[in-house]
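Before any comments, here is the structure.
The values are calculated or read from the model by the stated rules, or taken from the named source; none is laboratory data. For clarity, every value in this text was computed on a predicted model and none was experimentally measured. All Cβ positions, glycine included, derive from the backbone under ideal geometry; neighbour counts span all protein chains shown. What goes into the accessible areas is simple: the full protein's heavy atoms, side chains included, and nothing from ligands, DNA or RNA. Shrake-Rupley method; radii C 1.70, N 1.55, O 1.52, S 1.80 Å.
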Amino acid sequence: MPSDWAGKTILVTGASRGIGRACAALFSKQGAKNLVLASRSQGDLEATAASLAKEDQKVLVVPTDVTDPSQVKHLFQKIDKEFGRLDVLVNNAGRGMSGSVEEIDLEKIEFLFRLNFLAPLWCIQQAIPIMRNQGGGHIINISSIAGKRGVPFHGSYCASKAALNSLTEALRVELKNTGIKVLLVCPGGTDTNFYTDGLRSTENDFKLPAINLMSADQVARVILHNAKKGNGEVIVGGKGKILVFLNKVSSSLTDFLLSKVFCK
């Protein structure tokens with residue numbers, strides 16, 4: 001029985017590793033016809049593409065710095081030229097940033113917002129006309145549990161993801177009745193390069209406490225399962241769900257618990 005993604009054209013940003021690579025692999029396994037992989041690293045993208053390639057499937061590697069709107073435009077022009085359609089956009093590219101609010105590096109936070117917020121926006125603006133003309137599609141924004149509740153010493157990252165969350169909620173309503181479905185995904189801690197590749201405001205930045213992390217494959221399975229349902233929002237991971245619930249019940253209690261973990 002064919003899957004929901006059989007014959008579809010899929011774009012994944014940040015596809016060279018982590019959740020992006022896991023999503024690309026799962027879309028491939030579930031029968032996507034055309035996979036478009038975008039990130040800054042051509043070598044990593046080609047390695048990902050080589051691991052996915054099937055005889056009846058085309059994998060297009062497009063090295064792209066999504067913080068540059070001209071490169072984003074070129075990416076979508078290439079997709080339109082090669083395939084003439086786009087069924088799924090997975091906005092996954094992003095980075096973390098640690099440091100106290102007092103010591104936020106303004107230059108770094110400007111870059112962070114370009115990557116975590118403006119880049120998905122630019123991709124969305126390029127994708128919507130294509131999807132509208134073909135009668136529908138899926139936009140999947142990979143955010144974070146940190147966008148639902150601010151975490152000490154990661155305020156800049158939390159703010160960038162909170163902005164993406166609000167944008168996604170507005171977009172979901174704006175696109176109602178267009179056939180374009182919008183899914184917001186907020187994973188908890190995931191075993192990726194996020195914790196080693198994140199930006200730092202100071203040399204002696206706060207170190208994240210040791211926690212049990214989900215695998216990128218686990219997160220990808222939840223993403224694709226919920227995308228099939230259409231519009232919505234999903235929090236991935238039990239700890240993330242508990243954090244959001246506690247914050248709704250008592251923000252002061254949540255403040256206290258977070259201080260015990262992060263402010264020792």
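The phi-based Karplus calculation (6.51 cos²θ - 1.76 cosθ + 1.60; θ = phi - 60°) puts the 3J(HN,Hα) values of segment 122-134 at 4, 5, 4, 5, 7, 7, 4, x, 5, 5, 5, 5, 8 Hz, whole numbers, x for Gly and Pro. Each of Thr48, Asn133, Asn212 was placed along the dipole of the chain (beta-carbon charges, centred on the mean Cα), and the one lying farthest toward the positive end is Asn133. Charge dipole (Cα centre; +1 on Lys/Arg Cβ, -1 on Asp/Glu Cβ; no other charges) of the chain amounts to roughly 820 debye. The equivalent ellipsoid that matches the C-alpha gyration tensor of the chain spans semi-axes of 31, 20, 18 angstrom, in descending order.
Backbone amide hydrogens, once placed in the peptide plane, bring Val236 within less than 5 Å of Cys186, Gly188, excluding anything fewer than 5 places away on its chain. Treating r as the C-beta distance of Val261 and Val101 and R0 as 22 Å, the FRET efficiency rounds to 0.80.
If only the Cβ of Lys and Arg carry +1 and only the Cβ of Asp and Glu carry -1, the dipole of segment 46-198 around its Cα centre is close to 620 debye. Think of each Lys and Arg Cβ as +1 and each Asp and Glu Cβ as -1; about the Cα centre, that makes the dipole of segment 1-99 roughly 60 debye.
Taking K and R as +1 and D and E as -1, what net charge do the other residues with C-beta under 9 Å from the C-beta of Ile235 add up to? Result for the local shell: +1.
The H on the amide N of Leu60, modeled in the peptide plane, is under 5 Å from the matching H of Leu35, Val36, Leu37, each at least 5 residues off or on a different chain. In this simple spin-label model, placing a label point 7 Å from the Cα along the Cα-to-Cβ direction at both Gln42 and Leu253 gives a separation of 5.5 nm. A 1.4 Å probe over all protein chains sorts Leu258, Leu11 by accessible area into Leu258, Leu11, starting with the largest. Extents of segment 1-51, taken as max minus min of Cα coordinates on every principal axis and listed largest first, are 35, 17, 15 Å. Against the criterion of solvent-accessible heavy-atom surface with a 1.4 angstrom probe, Val59, Val185 sort, most first, into Val59, Val185.
The value given for segment 1-134 is a Kirkwood hydrodynamic radius of 15.4 Å, derived from the mean inverse Cα-Cα separation.
At a probe radius of 1.4 angstrom, the accessible area of the chain per residue rounds to 48 square angstrom.
When a 1.4 Å probe is rolled over the protein heavy atoms, the share of accessible surface on the chain that falls to carbon and sulfur comes to 51 percent. For the set Lys181, Lys239, Lys81, the ranking by accessible area, highest first and with no ligand, DNA or RNA atoms included, is Lys81, Lys239, Lys181 under a 1.4 Å probe.
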